[in-house]
Amino acid sequence: MRYLPKGPAERQEMLEAIGAHNIEELFHSIPDEFRLREPLHLPGPLSEAGIIEYFRARAAENARGYTSFLGAGVYQHFRSVVTDALIQRGEFLTSYTPYQAEIAQGTLQSIFEFQTLMCQLTGQEVANASMYDGSTALTEAVLMAERLTSRRNVLVARTLHPEYRQVLATYAKHCDLNVTEVGFTSSGQLDTSTLSPESLAHAAAVVVQSPNYFGVVEDIPALAPIAHAHGALLVTCITEAVSLGIVRPPAEADIVAMEAQSFGVAPSFGGPFVGVIASRDKFVRQMPGRLVGQASDAEGRRGYVLTLATREQHIRREKATSNICTNEALFALAATIHLCLMGKEGLREMAQQNLSKAHFALAELTKIPGVRHCFSGPVFNEFALEFPRSVKIINHALLREKIIGPLPLGVNYPEQTKCGLVAVTETMPRAEIERFAAAIRQILARPV
Amino acid sequence: MAYPSGLRYTQQHEWVKVEGDTGTVGITDYAQQELGDVVYVDLPKIGSTLKAGESLGTVESVKAVSEIYSPVSGEVTALNDLLQGAPEKINQDPQGEAWLVRVKLSHPKEAESLMDGAAYDAYVSAKSKEH
């Protein structure tokens, strides 16, 4: 489909058709205080050579040659060149939203396959075409639980990613939704002893991340009956999608929200990412966003359509299930291509490598005097360590060794000031893990 | 289809049948014709409170989604379970078998201000001529 810009004559014609004198008149409903009355302060245009030089200089600012142990919701994983090559095809890269099924079969089929893969991975029955990212998917999952239960409270694990909790809080503030945080035990898992029957009986959902922010895998099959016994739903969040290659899928959860960046999407500047929402078939009417269905045409041939669109904003306006009216199609496609390349065995193998390398790193690091694992619960490829010295000081020294060290947990968990989060994926060579452990050992051996 | 005199009708094309303090609510034959093939009905929960003129749910057809406005005030006491599995019944028998909800009326006299069968028949005939 072509997009041709309009000239002054066409604009005038359109204004006349709707009975307006000028474009300014169309904005009169926006309060004056929110109107920009001066030009935007943007830098001037650059020549082609200037633009290339500008981006070269920005690219050179990347921390090349550093070894990073950062994770916390964004993970460095193997990405095949095949993925980037395919998603840059014009049919995918510049295609518009596939409202007209007749001309968008390829796009619709790729989305349908993404939905299918997400259902298979999460153990759920229906998944949508994707959300902006994991944090908005999680928030939409909570709002979905609120609609399903007609309850306005949610019990949210403190071990849910702090930034996800911030996004949820922003929505909650304007949606008359009460968020109560639930603590964790020495295992790093949800402290179920603080979930009272009264609080559960008023809760739309118990919201838990697994593996959680501390890398600890939660006992989802045990949590579901606790929530369900009091009419609350269980919402499970996944920020490290590769974990599904080896961790049991959260089939007992009622709604699953996930960040799928680990499937073939580069970490970039922390985005753009791709969110996933999956749930049970019986809840599909309350699911937000775009949904592709498989149908057949008048001659019985397979075809794809946007389905159940009456949940969506372009049909239902303010009564829609959500104000999301698009999806992260290109990165959902990247995830689909990535998963098809990896296959079932490949994903399992990748997850196994993450598990092995992270556990090797955990063992090496906790051999260092004064360094211990903060939590006793099972971990996948990320874990929290307690150090005898400030994590910030350790990181400062590590940078000189070209190592980006643990993420200090004290920023978001004031009681964990001596703790840092370490992620180890399949991309990390064994020698680098050993160099990391040796560097920390040396830093801690120095006199304070 | 005729519009029986025993029912009362709204301008938004819902009907109510009052028996004592119980009201049975549905959409009219005119409404189902305008909607086309109904594929889904979203109804309130049993026990929820309805106010006359306010939305009680939605009817979705292959071409539109429409709000259903309650003709009466009261508490929902029953839903028509038939419709969850067979929403197409609304096209077949909208003023009989395919009722939507039963309501315990808070003001049983409220429905008297609505149109009777003859008045509604005249109302929709005039509407049809507009088309």
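Points worth noting:
- With Cα atoms, 0 to 90° folded angle of helix A:391-400 axis to chain A main axis: 90 degrees
- Neighbourhood net charge (13 Å Cβ-Cβ; Lys/Arg +1, Asp/Glu -1) for A:Arg11: -4
- Across A:Lys282/B:Lys17; B:Lys17/B:Lys51; B:Lys51/B:Lys127; A:Lys319/B:Lys51; A:Lys357/A:Lys392, pairs whose alpha-carbon gap is larger than 22 Å: A:Lys282/B:Lys17; B:Lys51/B:Lys127; A:Lys357/A:Lys392
- Per-residue SASA remark: A:His174, around 150 Å² accessible (1.4 Å probe; ligands, DNA and RNA not included).
- Other-chain or far-sequence residues with amide H under 5 Å of A:Ala205's (modelled H): A:Leu155, A:Leu233
- Taking 0.36 nm per residue of separation and subtracting the Cα-Cα distance, full extension of the segment from A:Arg317 to A:Ser296 would add 4.7 nm.
- Cα lying deepest toward the dipole's positive end in chain A, options A:Ile315, A:Ile368, A:Tyr413, charges on Cβ: A:Ile368
- Distance cut-off 28 Å, percentage of C-alpha pairs in chain A lying past it: 57 percent
- As computed over the stretch A:174-302, the Cα convex hull volume per residue (Å³): 181 Å³
- Share of carbon and sulfur in the accessible heavy-atom surface of the protein assembly as shown [1.4 Å probe, %]: 54 percent
- Remark: relative contact order (chain B) = 32 percent; criterion is Cα-Cα distance under 8 angstrom and separation of 6 or more residues.
- Spin-label model distance (nm) - A:Glu53 vs B:Ala86, 7 Å beyond Cα toward Cβ: 7.7 nm
- For the stretch A:263-388, averaging the sequence separation of C-alpha pairs within contact (under 8 Å, six or more residues apart) and dividing by the residue count gives a relative contact order of 19 percent.
- Residues of the stretch A:381-408 falling in the label zone of A:Asn62, defined by backbone nitrogen less than 17 Å from a point 7 Å along Cα to beta-carbon, are A:404.
- The calculated FRET efficiency for A:Thr97 paired with A:Lys392, based on their beta-carbon distance and R0 = 41 Å, is about 0.35.
- For a label point 7 Å along the Cα-to-beta-carbon line of A:Ala445, residues of the stretch A:361-386 with backbone N under 16 Å: A:365-371
- Separation of the stretch B:30-45 from the stretch B:60-98 is 6 Å, based on Cα centroids.
- Relative contact order of chain A, pairs being alpha-carbon contacts under 8 Å that are 6 or more residues apart, as %: 19 percent
- Considering only the stretch A:81-339, percent of DSSP beta bridges that pair antiparallel, nearest 5: 40 percent
- Peptides A:39-50, B:116-127, A:379-390 ordered by packing proxy, namely the average of other Cβ atoms within 10 Å per residue, highest first: A:379-390, B:116-127, A:39-50.
- Derived from the Cα gyration tensor, the three semi-axes of the equivalent ellipsoid of the stretch B:21-131 are 22, 19, 11 Å, largest first.
- The stretch between A:Ala438 and A:Ala363 holds 25.7 nm of extra length on full extension. This uses 0.36 nm per residue minus the Cα-Cα distance.
- Our coupling estimate for the stretch A:35-42, obtained by passing each phi through the Karplus curve with A = 6.51, B = -1.76, C = 1.60 and θ = phi - 60°, is 8, 8, 9, 10, x, 5, 7, 10 Hz, Gly and Pro reported as x.
- Here the spin labels are modelled as points 7 Å beyond Cα on the Cα-Cβ line, and at B:Asp37 and B:Asp21 they lie 4.4 nm apart.
- Pairwise FRET efficiency - B:Glu67 versus B:Glu112, Cβ, R0 = 30 Å, nearest 0.05: 0.80
- Rounded to the nearest 10 Å², the accessible area of B:Trp99 at probe 1.4 Å: 40 Å²
- When the residues A:Cys340, A:Cys325, A:Cys119 are ordered by accessible surface, computed with a 1.4 Å probe over the protein chains alone, the sequence from largest down reads A:Cys340, A:Cys325, A:Cys119.
- Seen against the Cα atoms of chain A and their longest principal axis, helix A:162-175 is set at about 40 degrees.
- Note: the stretch A:81-339, Cα convex hull, 130 Å³ per residue.
- In this structure, A:Asp219 and A:Lys282 have a Cβ-Cβ separation that, at R0 = 25 Å, corresponds to a calculated FRET efficiency of about 0.55.
- Gain in span if fully extended, A:Ile23 to A:Cys340, counting 0.36 nm per residue against the direct Cα distance: 109.3 nm
- Solvent-accessible heavy-atom area per residue, rounded to whole Å², over the stretch B:26-131 at 1.4 Å: 49 Å²
The values are calculated or read from the model by the stated rules, or taken from the named source; none is laboratory data. Note that the coordinates shown come from a computational prediction; the quantities given were computed from them, not determined experimentally. Please note: Cβ atoms are built from the backbone with ideal geometry, for glycine as well, and neighbour counts cover all protein chains shown. Heads up: the accessible areas ignore ligands, DNA and RNA and are worked out on the full protein's heavy atoms, side chains in. Shrake-Rupley method; radii C 1.70, N 1.55, O 1.52, S 1.80 Å.
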